[in-house]
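Working notes, beginning with the structure itself.
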Amino acid sequence: GEIDYGVIPLKNSTAGMIDSAYDLMAKYNVYIVKQVCVEINHCLAVKKGTLIKDIKCVYSHPQALAQCSVFLAENNLETAPYSNTATSAEMVKNSPENIATICSVDCAERLGLEILAKNIADCSVNRTQFVCISRELMVSPDSDTISVMIQIPHTEGSLHRLLTKFYVNGTNIIRIENRPIRDGSFDVMFYLDFSGKLTDPSVRALMNDLSDNMEYFRILGTFRNS
């Protein structure tokens, strides 16, 4: 309750969905109020004077490591996950060992690290979708996308019936993901983004239908699709 907004990554164009972010969205009662797509340019950074052949291990966030897997394999570099790219860079700066980090060029330069290679992601176009979250549901006038969480009933054809509701309503599904609920079962939670405005009567009717007929339904927020 000390801050009004937070920013978290949800999906990367190279490595896909960020599982932990979806799990946290399910765990905490927060809402998406804005979405932005950011170009991600990774570099391999070390303490000054460290050669690539002397690197014992490369530390970074698991997503960054996954996004640069080809470069790491081609250079036979061992990897280890770290909490985030910035803290892994700071660890490299303060470590007496010959280790490296994958981080942004700006981060490396701010910490005085030496950059051995730039633009090392597997894909030349590497983007991440970030969302701004708030404790309150906010509806911006330019919002055109709604995000929801849904658990469907364990009955034959239930996923088909769910998707049919959107088709009949003339609503376009922009994204659909699923994550295990982690309660010992093999049930999953679906995360859907679809086009629409909460002020639209047909959208409100669809939301009421989902709320009444799904095992679980929750609005995650509304925002302008980036």
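The values are calculated or read from the model by the stated rules, or taken from the named source; none is laboratory data. Everything quoted here is computed from the prediction, not taken from an experiment. In this analysis, Cβ positions are derived from the backbone assuming ideal geometry, glycine residues included, and neighbour counts consider all displayed protein chains. The area values use the complete protein model at the heavy-atom level, side chains included, leaving out ligands, DNA and RNA. Shrake-Rupley method; radii C 1.70, N 1.55, O 1.52, S 1.80 Å.
Per-structure values
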{"quantity": "Cα-Cα P(r), the chain, percent of pairs per 10 Å interval", "calculated": "7, 28, 27, 20, 13, 5, 0"}
{"quantity": "Net charge dipole size for the chain [Lys, Arg +1 and Asp, Glu -1 on Cβ; Debye, nearest 20]", "calculated": "240"}
{"quantity": "Within region 142-226: Cβ-based charge dipole about Cα centre, in debye rounded to nearest 20 (Lys, Arg +1; Asp, Glu -1)", "calculated": "140"}
{"quantity": "Orphan Cys of the chain, criterion: no other Cys C-beta under 4.7 Å", "calculated": "C37, C43, C57, C68, C123, C132"}
{"quantity": "Residue-level accessible surface for V168, protein heavy atoms, 1.4 Å, Å²", "calculated": "110"}
{"quantity": "Under 12 Å, Cβ to Cβ, from I18 - net charge with Lys/Arg +1 and Asp/Glu -1", "calculated": "-1"}
{"quantity": "Neighbour cut-off at most 13 other Cβ (10 Å), DSSP loop, GluC sites (Glu not before Pro), region 97-205", "calculated": "E97, E136, E156"}
{"quantity": "20 °C / 1.002 mPa s Stokes-Einstein diffusion coefficient of region 106-207, Kirkwood radius on C-alpha pairs, µm²/s", "calculated": "122"}
{"quantity": "Set of lysines with alpha-carbon distance to K165 below 16 Å, sequence-local pairs under 8 removed", "calculated": "none"}
{"quantity": "Reachable aspartates and glutamates from K56, criterion Cα separation under 17 angstrom, eight or more residues apart if same chain", "calculated": "E74, E78, E90, E97, E114"}
{"quantity": "Over the chain, relative contact order from alpha-carbon pairs under 8 Å, at least 6 apart, %", "calculated": "28"}
{"quantity": "Region 153-213, accessible surface, carbon-and-sulfur percent (1.4 angstrom probe)", "calculated": "54"}
{"quantity": "DSSP beta bridges in the chain [antiparallel fraction, %, rounded to 5]", "calculated": "85"}
{"quantity": "Backbone HN-Hα couplings from phi across region 214-226 [Karplus 6.51/-1.76/1.60, Hz, Gly and Pro as x]", "calculated": "9, 5, 8, 8, 8, 7, 9, x, 9, 6, 8, 5, 8"}
{"quantity": "Evaluated at q = 0.20, 0.21 Å⁻¹: base-10 log I(q)/I(0), Debye formula over Cα of region 1-108", "calculated": "-1.06, -1.13"}
{"quantity": "Charge-dipole axis of the chain as Lys and Arg at +1 and Asp and Glu at -1 on Cβ define it, positive-most pick from Y191, V105, A80", "calculated": "V105"}
{"quantity": "Amide H contacts under 5 Å for R175, placed H, 5+ residues apart", "calculated": "D193"}
{"quantity": "Other-chain or far-sequence residues with amide H under 5 Å of M189's (modelled H)", "calculated": "R179, I181"}
